[in-house]
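Heads up, the thing below is written out as structure tokens.
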């Protein structure tokens, strides 16, 4: 929610052994209040989740983002903060991950924003700066990359990056900050719904079942 801080400076008083943090603000005070109110009002869309399970809340937030937001390829002024999704319905990965975080905060699901680099499978490009989330569901932590699911397709909802373990996310993500370990495997969307195969024989069996 501290979207209005653009940078932080530091002032040291060595004599009194004190250190002061000096924020620089991106907007005038009255603009900040207006934007903060807009964000708080927007989060009311998630009030319908009160009383729901954490996994139901996670699905709702994930699907809501995919249905209502898009990736901001123009890198607008608000794209890197929660204001991007709230005001413009578009943001880059950082803004999307921050929005997911405050949405989870609003509905009582523990999460955090992860910083790193990643290779977007939709573009096949080289590693670039990226942000996503870690979410705690049923007492276990998982990786959740809403941005990648959002950019894989615009035709159907994708869950390729829904509740992945460290082992799975590290196939195309590199974590550069200290975050909780996500060691639980097999709880991703496709495994839980018996939609994954690990051999050609399993694929053939799956196709026969569908037929």
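The values are calculated or read from the model by the stated rules, or taken from the named source; none is laboratory data. Bear in mind the structure is a predicted one, so any value in this text is a computation, not a measurement. Here the Cβ positions follow ideal geometry from the backbone for every residue, glycine too, while neighbour counts run over all protein chains shown.
Descriptive notes on the structure:
- Residues of segment 108-160 that turn out to be crowded, with 19+ Cβ neighbours inside 10 Å and more than 19 Å from residue 90 (Cβ to Cβ), as a count: 12
- Within segment 48-71, the set of residues being crowded, with 21+ Cβ neighbours inside 10 Å and assigned to a loop (DSSP other than H, G, I, E, B) comprises just one member, 69.
- On inspection, residue 45 does not qualify as modelled with pLDDT of 95 or more, crowded, with 16+ Cβ neighbours inside 10 Å and part of a helix (DSSP H, G or I).
- Of the strands (runs of 3 or more DSSP E) entirely within segment 75-171, those holding at least 2 residues that are within 22 Å of residue 191 (Cα to Cα) and either modelled with pLDDT under 95 or in contact with a strand residue (DSSP E or B) (Cβ under 8 Å, 6 or more places away or on another chain) (or both) occupy 128-137, 140-144, 162-164.
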